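Accompanying notes for the structure given below.
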Amino acid sequence: MVNILSQQQQDILIGLLLGDGSLEYNGYIGTRLQIKQTAAKKEYVFWLYEQFSHLVKTPPQHRQDNNQWYFGTRYIEEFTTIKKLFYQGGRKIIPSTITKLFQSPLTLAIWYMDDGTLDFREKYHYSFSMSTDAFSIKEVKTLQTVLWNTFSIESSIQSPSSRGKKYIKLYIGKRGRDQFLQTIQPYILSCFAYKLPLFKHLDPSETEPVRVR
């Protein structure tokens with residue numbers, strides 16, 4: 001089979017699947033990638049569109065009822081192959097091959113833009129966390145290992161409670177935050193500048209991070 005996806009596109013896709021991204025399977029014609037974001041993340045939608053434009057028939061569209069921007073790719077076999085790795089019994093999982101798939105800092109940055117949170121208290125504290133409650137403890141521990149072995153980022157697993165329910169998150173505190181920030185910062189789009197401590201006091205339009213080409 002001829003590879004339709006470049007390595008960069010694969011790296012982006014893995015980051016999306018670790019976060020909010022979804023693959024829609026049609027048993028007759030294959031699988032497609034669907035992107036949906038609020039109007040505030042319009043820049044992100046169009047950036048993703050640029051990355052996959054050769055697989056998209058219609059540019060991003062705006063829905064007035066929920067103020068979202070969205071687009072979908074064509075159905076292709078490579079998406080089906082990747083979907084089978086990340087979905088089991090209708091649930092998104094962390095595949096056994098994640099160490100091989102998750103090697104790029106771009107993947108980490110996409111995951112953070114999708115599902116990451118910054119806790120910033122000017123002058124004395126900042127930390128990051130990744131929402132991983134869709135995954136099991138064992139799967140989150142695997143992601144924790146990847147962060148350390150691939151990017152030298154130290155993290156911990158926390159289970160805060162809300163309304164009687166525990167939510168698993170990957171926490172990146174004092175020992176790992178500087179390395180994490182250094183790894184992801186070159187790839188963060190301006191509409192996510194509020195997730196970076198150095199830009200916290202600025203309006204997103206005032207920042208211009210390095211773009212991936």
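The values are calculated or read from the model by the stated rules, or taken from the named source; none is laboratory data. As the structure is a computational prediction, the values presented were derived from the model and not from experiment. Positions of Cβ are backbone-derived with ideal geometry, glycine not excepted, and every protein chain shown enters the neighbour counts.
Does the range 85-93 contain any residue that is within 27 Å of LYS169 (Cβ to Cβ) and among the aromatic types (Phe, Trp, Tyr)?
Going residue by residue through the range 85-93, those that are within 27 Å of LYS169 (Cβ to Cβ) are 85-93.
Then keep just the ones that are among the aromatic types (Phe, Trp, Tyr); that gives 86-87.
Yes: one or more hits.
What's the number of the only condition in (1) touching a Lys or Arg at 6+ places or on another chain (Cβ under 9 Å); (2) farther than 30 Å from SER129 by Cβ that SER53 fails to meet?
In the conditions (1) touching a Lys or Arg at 6+ places or on another chain (Cβ under 9 Å); (2) farther than 30 Å from SER129 by Cβ, SER53 misses (1) alone.
Going through PHE151, PHE128, PHE79, PHE135 one at a time, which residue ends up being assigned by TED's automatic domain parsing to the domain that holds GLU50, among the aromatic types (Phe, Trp, Tyr) and within 17 Å of the chain's Cα centre (by Cα)? Write out each step before concluding.
Numbers: PHE151 fails: assigned by TED's automatic domain parsing to the domain that holds GLU50; PHE128 fails: assigned by TED's automatic domain parsing to the domain that holds GLU50; PHE135 fails: assigned by TED's automatic domain parsing to the domain that holds GLU50.
Step by step, each of PHE151, PHE128, PHE79, PHE135 is checked, and only PHE79 is assigned by TED's automatic domain parsing to the domain that holds GLU50, among the aromatic types (Phe, Trp, Tyr) and within 17 Å of the chain's Cα centre (by Cα).
Might you check whether a residue that is within 25 Å of VAL146 (Cβ to Cβ) and at pLDDT 95 or above occurs anywhere in the range 56-77?
Of the range 56-77, the ones within 25 Å of VAL146 (Cβ to Cβ) are none.
No, there is no match, as no residue in the range 56-77 is within 25 Å of VAL146 (Cβ to Cβ) and at pLDDT 95 or above.
Using the structure shown, decide if ASP119 is out of contact with any Lys or Arg (no Cβ under 6 Å at 6 or more places or on another chain), assigned by TED's automatic domain parsing to the domain that holds ASP178 and surrounded by 15 or more Cβ atoms within 10 Å (Cβ to Cβ). Talk me through it step by step, then tell me what you get.
Values: out of contact with any Lys or Arg (no Cβ under 6 Å at 6 or more places or on another chain): yes; assigned by TED's automatic domain parsing to the domain that holds ASP178: yes; surrounded by 15 or more Cβ atoms within 10 Å (Cβ to Cβ): no.
Judged against the criteria, ASP119 is not a match.
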